[in-house]
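To start, the structure under review is shown below, and the notes come after it.
Every number here is computed from the coordinates shown, using simple stated rules; none is lab data. In this text, all values refer to a predicted model and were calculated from it rather than measured experimentally. Neighbour counts run over all protein chains shown; Cβ positions are idealised from the backbone, glycine included.
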Amino acid sequence: MVSLWDVLERSQTGPLMKEEEFGTEFFPTKIREIVAEHGIKYNPEEPVMTDLSMADEVFEAGLELLLEVGLYNKDTKRIVKFTEEEIKEVLATRKREFILGEGNDQITLSLRGPEDKKPPKTVFPAGMVTSNTELYKAYVLSAAMEPTADGLVALPLMGIGDLKPTTGTPSETLLGLTEGLIMREAAIRVGRPGMYLGIPMSVSSAKAVMGSFHPAGYTRYNCMCPVHIIQDMRIDYDRLNLTFFAQQNHIKPWISSCPTMYAYISGPEEAAVEGIAHVLGMMTYSGGSFAQAMSATVDGRYEGRDVFWANSAQALAAERKIRVPWICYGSGVTGQLGDEVSFYSIAATVITNTISGMEGMWLTGAVPGIEGRWGGELARAAAGIKVSDGVEIVKELLGKYEDKAKVGMPEEDHILKRYDMKTLKPDKEYIELYSKMKRELQDMGLDYEAW
């Protein structure tokens, strides 16, 4: 079976091509041709892709894209090629369950379908884009204490007080260690020491990712090692170094894809196909049996009808043909917190993911914890509903918020304005908004036993 060592060897012997030619001519032309050949078409009036035959075409197109284009190694300027037999063998040998965390706090991602009554697992965002470590800790703790948090994933810590880390230096590694220690401390404090804690999110260099693992912070049990593709169908030696590090330390590889629409690819049809190709390609060198696959737009949107279509299309394709635990982005409009737009957009995202048969979500809801709670409860409320009913709810939600959505950066002091910092509980207005949103979703046909 094809392995890390095969990908390394092919990175040194495969066909040569200039990166500019690969990224601006070869890859965009091929994906456009393949999508057209398979008749994959996006209908903006249908934000959730539910057509099973089209889902199969998305998978076949993704497989064809990987076979035609390969993976481009940025360090060697060579293309790593695969055969169809190799990819099918990889798929046939994947595990169908995935365990994260340890002890009483471990969770199992197991296969589910679009109308499965088993809810997807919900991993909450924790932290805030800030250098204020005390403020960061408050955000993390507000998420950790929520009962529907099946795990946590950090938001990027930008510094440690006045220390501004430099990529590739010990200061970046210290940043990763600090993030992991804060996350672990919060898990211990709420009585869930074995909780799944995502991936190192504040660091980018391979050496800092590796250095972020520590017995008191991120470990092989509570954290995964990112080995994901950098951009459109491209890898480098660091992806392979991280894979080797993960293998030698028994750390599960984090396979992740996020095609960016309206840059070198056009719309959601190409995003869905590229996402499938990415996951298949990453499985060859990582040996992973898990995938995080989402989409975004060049202007920074991670939700909306085009994004929902792309995410649901590749999830449905994977549910039918790849058969590994599959998760996706579970949040709303980037930067909007504490208002109806945030709650409506989180609801639309979570319901789309749940009715598309995904096994889990990361960054579910938003920060602080009450918005994570909203996402976690909605995933449970939407599990088991008819796909057609879920689609109608998503359409209704889009009508309530999409013309009011404003992508931006969140205010880092949001929690100071909306939470009691002594009890770390939301204020009266936040609770009232949350209660109002619950009633609205109940009127739409959803319910959760704790409501």
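Miscellaneous remarks
- Cα gyration tensor category, rounded, prolate or oblate, for segment 1-128 with a/c compared to 1.5: oblate
- Working from label points 7 Å from Cα in the Cα-to-Cβ sense, the GLU33 to THR166 distance is 4.7 nm.
- Backbone N atoms of segment 256-293 closer than 20 Å to the 7 Å Cα→Cβ label point of ASN43 belong to residues 267-273.
- Distance from the alpha carbon centroid of segment 1-80 to that of segment 157-214 works out to 33 angstrom.
- Loop trypsin sites (Lys or Arg not before Pro), segment 40-81, which have at most 16 other Cβ atoms in a 10 Å radius of their Cβ (DSSP): LYS41, LYS77, LYS81
- Fully extended contour minus Cα-Cα distance, from GLU396 to ARG320, at 0.36 nm per residue: 24.6 nm
- You can think of it this way: the chain between ARG189 and ASN249 has 18.9 nm of extra reach, that is 0.36 nm per residue less the Cα-Cα gap.
- Percent antiparallel among DSSP beta bridges (both partners in the chain, rounded to 5): 35 percent
- Sorted ascending by nearby beta carbons within 10 Å, beginning with the fewest, SER202, SER53 become SER53, SER202.
- The modelled label-to-label distance for the pair THR108/GLU19, using points 7 Å beyond Cα in the direction of Cβ, is 4.3 nm.
- Sum of -39500 (n - 2.57) over DSSP H runs of 4+, divided by residues of the chain (222 nm, nearest 500): -14000 deg cm²/dmol
- Net +/- balance of residues flanking SER289 in space, Cβ distance below 9 Å, scoring K and R +1, D and E -1: +3
- Applying 1/(1 + (r/R0)^6) with r as the Cβ-Cβ distance of ARG220 and LEU181 and R0 = 22 angstrom yields a FRET efficiency of 0.85.
- The order of CYS223, CYS258, CYS328, going from fewest to most other C-beta atoms within 10 Å of their C-beta, is CYS258, CYS223, CYS328.
- Rounded to the nearest 20 debye, dipole of the chain from Cβ charges on Lys, Arg, Asp, Glu: 1240 debye
- Exceedance of the 24 Å cut-off in Cα-Cα distance is limited, within the set LYS207/LYS321; LYS88/LYS207; LYS30/LYS88; LYS95/LYS117; LYS395/LYS417; LYS400/LYS422, to LYS207/LYS321; LYS88/LYS207; LYS395/LYS417; LYS400/LYS422.
- Principal axes of segment 280-383: Cα extent on each, largest first, Å: 42, 31, 22
- Among the trypsin sites (Lys or Arg not before Pro) in segment 386-450, those located in a DSSP loop and surrounded by at most 14 other Cβ atoms within 10 Å of their own Cβ are LYS386, LYS404, LYS406, LYS422.
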